[in-house]
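Everything on this sheet refers to the single structure shown next.
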Amino acid sequence: MTSPESATTDNATPAQPAPDAPASPAAATPPAKPSLEDQLAAAKAESAAHYERYMRAMADHDNFRKRIAREKDELRQYAASRVLEDLLPVLDTLGLSLAAANQPATELKTLTGGVVMVLSQLKAALANHGLTEINPAGQPFDAHQHEAIAQQPSAEVPEGSVMTVVRTGYSLNGRLLRPASVIVSSGPAKA
């Protein structure tokens, strides 16, 4: 173990030149600074490298933007394909109903039953994709879900509640597509 005094004395001794090396004044001077032309050439080379990286980044960004636009367009074009696939059986059933309606001696009751079946099949197909009916008959009026087209007095329906649904509303996965058009009760008639 070395003492602190010996460590400082060892570190404090100046380095002596090797006996073989000649002592020259040129060895003690720092290397010469590059000339202005060399500095300019280095700066131009660095600038060209940065410009090339910039141009590559811009080309990559442009290619990325085009690819995203193309993918978005493809997604838009084919987004409805699942819904349409589920609607094809409804179209088939509707075609069969029309063919049956054109047969001689078709009863109205049979035709009505076919139309009811097509309607329920269509509603089921749309419900599988998140479409929900808004049919608020007898419920309190909600301006976020309903559109009041008129008010009428009613002794049976409380004031501010929906008396009649004129047009059913629809929401898709919780987002309103079309509000229900309703007639709202204004309460009992005032004499």
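Miscellaneous remarks
- Residue pairs meeting the criteria (Cβ under 6 Å; at least 6 apart or on separate chains; first touching a residue at least 40 places away in the same chain (Cβ under 8 Å), in segment 78-97; second among the small types (Gly, Ala, Ser) and surrounded by 13 or more Cβ atoms within 10 Å (Cβ to Cβ)): 86/125
- Test: residue in segment 113-135 that is in contact with a Ser or Thr (Cβ under 9 Å, 6 or more places away or on another chain), under 20 Å from residue 175 (Cβ atoms) and either polar (S, T, N, Q) or in contact (Cβ under 8 Å) with a residue 60 or more places away in the chain (or both): yes
- Qualifying residues in segment 164-176 (those that are touching a residue at least 24 places away in the same chain (Cβ under 8 Å), among the aliphatic types (A, V, I, L, M) and in contact with a Ser or Thr (Cβ under 8 Å, 6 or more places away or on another chain)) - the one nearest to residue 83 (Cα to Cα): 172
- Residue list for segment 136-155, filter: part of a loop (DSSP other than H, G, I, E, B) and in contact (Cβ under 8 Å) with a residue 12 or more places away in the chain: 136, 137, 138, 139, 141, 144, 145, 153, 154, 155
Residue by residue, here is whether (1) within 35 Å of the chain's Cα centre (by Cα); (2) surrounded by 15 or more Cβ atoms within 10 Å (Cβ to Cβ) holds:
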residue	(1), (2)
120	yes, no
130	yes, no
133	yes, no
141	yes, yes
146	yes, yes
149	yes, no
157	no, yes
185	no, yes
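- Selection from segment 124-135 of residues that are assigned to a strand (DSSP E or B) and aliphatic (A, V, I, L, M): 131, 134
- Of all residues in segment 156-189, those satisfying the criterion of being in a strand (DSSP E or B) and more than 17 Å from residue 138 (Cβ to Cβ) are 170, 171, 172, 175, 176, 177, 178.
- Scanning segment 84-107 for residues that are β-branched (Val, Ile, Thr) and under 28 Å from residue 129 (Cβ atoms) returns 90, 93.
Rule-based calculations on the coordinates, nothing more; no lab input. Source: prediction; values computed, not measured. Backbone-built Cβ (ideal geometry, glycine too); neighbour counts: all protein chains shown.
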